[in-house]
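Only the coordinates and a few stated rules stand behind these numbers; no lab work does. What you are looking at is a predicted structure, and each value in this text was computed from that prediction instead of being measured. All Cβ positions, even for glycine, are placed from backbone atoms using ideal geometry, and neighbour counts span all protein chains on display.
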Amino acid sequence: MTFSSETNTAPPIVLSDGNVIPQLGFGVFQVPDDDVFAAVTTALEVGYRSIDTAAIYGNEEGTGRAIRESGLTRDEIYVTTKLWNSEQGYDSTLRAFDASIAKLGLDYLDLYLIHWPVAAADRFIDTFRAFQALKSQGRIKSIGVSNFTVAHLQRLIAETGEIPAVNQIELHPRLAQRELREFHAANGIATEAWSPLGQGTVLDDSTITAVAAAVGRTAAQVIIRWHLQLGNVVIPKSVTPSRIAENFDVFDFELTPEQMNAISALDSGSRVGPDPESFTLGLIN
Ligand code: NDP
């Protein structure tokens, strides 16, 4: 992809496969298909150039339409979608990819992720082999995973011989994911933070609001800045136009090391989403 747009100020992160992903993108979880066109259109107007959807969100059609009608060229926008749990397995993955790409109305993906490991199904190796096949055909630029633990990653790498470009995991000030981040860094895997604002629950934390007051920015901007300075790829979601703009207006200030440390100290291991060790929604035996 190219980064020629004047409005794009999200710095690129180079993945292990040589492709680049914008460090700040836009998530569309829980945005109904009827509303997602407006949200993605606003995001692209504001300057986001990376959109994160998933088959299970039920909004690939509206997301794709917003991308196609944006006036931007395909290679200016980084598009991620995810394979749902019920579709894991080699042949079912190939079919699910075709369904997603048809709904999006695109002819390739920048990034395809295995949404959850669902280790109980024991199909993520075959699923990733199908991803490798699609990548070799040029239909996906980069292949990755989501919600994988260190043990899942070790098995995937050992059995497929390929390091996933990205692991998209729940990560916010109350769940700093130090062990996974260290494993990613040691193995060249990009860390992508989902629910980066803790689905809004971290915004009124007193440490965050104190830092926000000190730097004269909003709590959301401070948290997004914390992610960026840690090196995370980050994909906040909003359907509110002013917040969509606010969350992208984060490239003209910096947190001090003391402010970064104060936010990192909020880690309490608290999740807002499911535990990847036990999450099997959609599993078909
Ligand atoms: P976020 O942490 O991005 O928080 C979104 C919530 O915060 C919404 O309620 C939003 O409200 C609110 N919000 C956003 N910006 C602001 C702001 N500036 N001020 C106040 N409130 C704000 O949660 P998500 O769970 O949506 O995570 C982000 C993305 O990560 C998802 O959209 C999805 O793409 C991805 N994801 C991936 C998962 C996975 O398993 N791989 C799981 C969950 C998410 P409003 O919209 O009303 O403005």
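Please report the net charge: other residues with Cβ closer than 13 Å to the Cβ of Gly58, K and R +1, D and E -1. Walk me through the numbers before you get to the answer.
Working: positive: Lys82, Lys103; negative: Asp33, Asp34, Asp35, Glu60, Glu61.
Around Gly58, the surrounding residues sum to -3.
Can you list the HN-Hα couplings for segment 121-131, worked out from phi with the Karplus curve (6.51, -1.76, 1.60; θ = phi - 60°), rounded to whole Hz and with x for Gly and Pro?
Here the 3J(HN,Hα) series is 7, 6, 10, 6, 5, 4, 4, 5, 5, 5, 4 Hz.
For segment 14-161, just say rounded, prolate or oblate: build the C-alpha gyration tensor, square-root its eigenvalues into a ≥ b ≥ c, call rounded for a/c under 1.5, and beyond that prolate if a/b exceeds b/c, oblate if not. Don't jump to the answer; show the numbers that get you there.
Details: a/c = 1.86, a/b = 1.62, b/c = 1.15.
Here segment 14-161 falls in the prolate category.
In whole angstrom, note down how far apart the Cα centers of segment 18-49 and segment 223-266 are.
16
Counting each pair of different Cα atoms once, what's the Kirkwood radius of the chain in Å, rounded to one decimal? All intermediate terms of the calculation are to be shown ahead of the outcome.
Details: mean 1/r = 0.0528 Å⁻¹.
Computed over Cα pairs of the chain, the Kirkwood hydrodynamic radius comes out at 19.0 Å.
Evaluate E = 1/(1 + (r/R0)^6) for Asp267 and Thr240, where r is the Cβ-Cβ distance and R0 equals 25 Å; express this FRET efficiency to the nearest 0.05. Write down the numbers at each step before the final one.
Numbers: r = 28 Å, r/R0 = 1.10.
E(calc), rounded to 0.05, equals 0.35.
Might you report the magnitude of the Cβ-based charge dipole of the chain about its Cα centre, with Lys and Arg at +1 and Asp and Glu at -1, to the nearest 20 debye? Walk me through the numbers before you get to the answer.
Values: 21 positive and 35 negative charges, 51 e Å.
That gives the chain a dipole magnitude of about 240 debye.
So how do Tyr48, Tyr108, Tyr57 line up by other beta-carbon neighbours within 10 Å, fewest first?
Ascending Cβ contact count within 10 Å gives the list Tyr108, Tyr57, Tyr48.
Taking only Cα atoms and a 10 Å spring cutoff, compute GNM fluctuations for the chain and point out the largest among Asp75, Asp110, Asp52.
The residue that fluctuates most here is Asp75.
Quick check on packing: order 25-35, 77-87, 198-208 by the mean number of other C-beta atoms within 10 Å, highest mean leading. Walk me through the intermediate numbers first.
Details: 25-35: 18.5, 77-87: 23.9, 198-208: 16.4.
Taking the mean over residues of other Cβ atoms within 10 Å, the ranking is 77-87, 25-35, 198-208.
Counting other Cβ atoms within 10 Å, which chymotrypsin sites (Phe, Trp or Tyr not before Pro) in segment 212-285 have at most 16 and lie in a DSSP loop? Intermediate results must be reported in sequence, preceding the final value.
Values: sites: Trp226, Phe248, Phe251, Phe253, Phe279; in loops: Phe251, Phe253, Phe279.
Taking segment 212-285 and a limit of 16 other Cβ atoms within 10 Å, the loop chymotrypsin sites (Phe, Trp or Tyr not before Pro) found are Phe251, Phe253.
How large is the translational diffusion coefficient of segment 89-135 in µm² per second when you combine the Kirkwood radius over alpha carbon pairs with Stokes-Einstein at 20 °C and 1.002 mPa s?
Working: Rh = 11.1 Å.
It comes out at roughly 193 µm²/s.
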